[in-house]
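The values are calculated or read from the model by the stated rules, or taken from the named source; none is laboratory data. Predicted model only: the values in this text are computed from it and were never measured. Note that we place each Cβ from the backbone using ideal geometry, even for glycine, and neighbour counts take in every protein chain shown. Surface accessibility is based on the protein's heavy atoms, side chains included, excluding ligands, DNA and RNA. Shrake-Rupley method; radii C 1.70, N 1.55, O 1.52, S 1.80 Å.
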Amino acid sequence: MQLRKVTAASAAVLALALTATACGSDDKDDSAGSGGGKKITIGIKIDQPGIGLKTPDGKFTGFDVDVATYVAKELGYDAKDINFKETKSADRETSIERGDVKFIAASYSINDERLQKVDFAGPYLLAHQDILVRADDTSIKSPEDLNNKKLCSVTGSTSAQNVKDKLAPKAQLQEYGGYSECLTGLENKAVDALTTDDSILAGYASQDANKGKFKLAGFKMTNENYGIGLKKGDADLKKKINDALTKMVSDGSWDKAVEANFGPAGYKNEAAPKIGNVVK
């Protein structure tokens with residue numbers, strides 16, 4: 001009987017040791033956000049120049065990428081510890097809820113519906129719905145001038161419909177498969193304007209192949225408060241990210257990232273928003 005007691009105790013010790021070893025080898029994100037050599041997975045867009053883009057050589061560029069990298073560094077992660085994961089718009093809340101990503105920086109506008117499912121740090125950028133036109137086009141000076149013009153947006157987007165419903169009821173909506181197709185149509189005069197967030201438009205216009213061809217109208221038709229999405233109720237991580245965003249603004253890194261990613265398009269960005277100040 002004594003032998004059985006010793007054996008049971010030994011088994012318990014062995015199980016505990018195996019559990020500790022397994023935990024030590026876990027390569028999932030560090031839930032405390034303190035780094036320690038572990039990896040962190042961050043959701044981004046990979047097809048939005050200036051915001052989040054995966055280049056042919058496998059690198060990631062864009063304002064959201066710069067923001068996410070800065071935040072991760074403040075959380076204790078080196079650039080080599082970051083795993084950027086494509087997160088499509090329709091999958092953002094699910095990716096956060098499942099724990100597929102630690103947080104998301106992907107032109108992710110804060111709104112009441114999303115706040116029911118996830119929390120947001122920030123906002124870190126105030127964008128607006130705008131239009132992009134050819135650089136030599138002087139015919140569109142206000143949203144109303146889009147009446148009888150061909151207005152392009154991507155299939156499934158509500159941006160063009162918003163313009164037609166509220167500002168230019170006679171606008172001729174043209175849906176293309178992607179923004180690049182809209183840009184080609186704009187350059188070839190198949191369409192007269194392209195609409196979505198001004199930050200996204202500025203990113204496309206800033207690409208080397210597009211420099212000097214297009215300009216933003218500066219209409220500011222809506223307010224889009226970009227925030228960093230994270231799991232609902234994680235107050236500690238939210239505070240750490242907000243602290244990192246505050247530091248990014250105060251040390252000048254935010255301004256440098258804006259200029260680097262949007263400057264070539266002449267993007268007249270808003271000043272960095274104050275944490276928690278969501279503009280309706």
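Filtering region 79-100 for residues that are open to solvent by less than 10 Å² (accessible area, probe 1.4 Å) and assigned to a strand (DSSP E or B) leaves an empty set. Within region 111-126, residues that are at negative phi reach partners that are assigned to a helix (DSSP H, G or I) and among the basic types (Lys, Arg) with beta carbons closer than 9 Å, at six or more positions or on different chains, in the pairs Arg114/Arg92; Val118/Arg92; Asp119/Lys238; Phe120/Arg114; Phe120/Lys238; Ala121/Lys238; Ala121/Lys239; Ala121/Lys240. For region 199-231, residues that are closer than 12 Å to Val133 by Cα and open to solvent by less than 10 Å² (accessible area, probe 1.4 Å) total 3. Flag: Lys215 matches the condition of being in a strand (DSSP E or B) and of a type in the set (D, E, K, R). One residue stands out in region 42-77 among those that are in contact with an Asp or Glu (Cβ under 6 Å, 6 or more places away or on another chain) and of a type in the set (Val, Ile, Thr): the one that is farthest from Thr94 (Cα to Cα), namely Ile51. Out of everything in region 127-182 that is among the polar types (S, T, N, Q) and in contact with a Phe, Trp or Tyr (Cβ under 9 Å, 6 or more places away or on another chain), what residue ends up being nearest to Lys268 (Cα to Cα)? Among residues in region 127-182 that are among the polar types (S, T, N, Q) and in contact with a Phe, Trp or Tyr (Cβ under 9 Å, 6 or more places away or on another chain), the one nearest to Lys268 (Cα to Cα) is Gln129.
A single entry from Ile131, Ile140 fulfils the requirement of being surrounded by 16 or more Cβ atoms within 10 Å (Cβ to Cβ), in contact with a helix residue (DSSP H, G or I) (Cβ under 8 Å, 6 or more places away or on another chain) and not in a loop (DSSP other than H, G, I, E, B): Ile131. Looking only at residues in region 232-248 that are assigned to a helix (DSSP H, G or I) and open to solvent by 60 Å² or more (accessible area, probe 1.4 Å), the one that is farthest from Ser89 (Cα to Cα) is Lys247. Within region 54-67, the set of residues being in contact (Cβ under 8 Å) with a residue 40 or more places away in the chain and either open to solvent by 10 Å² or more (accessible area, probe 1.4 Å) or not β-branched (Val, Ile, Thr) (or both) comprises Thr61, Gly62, Phe63, Asp64, Asp66.
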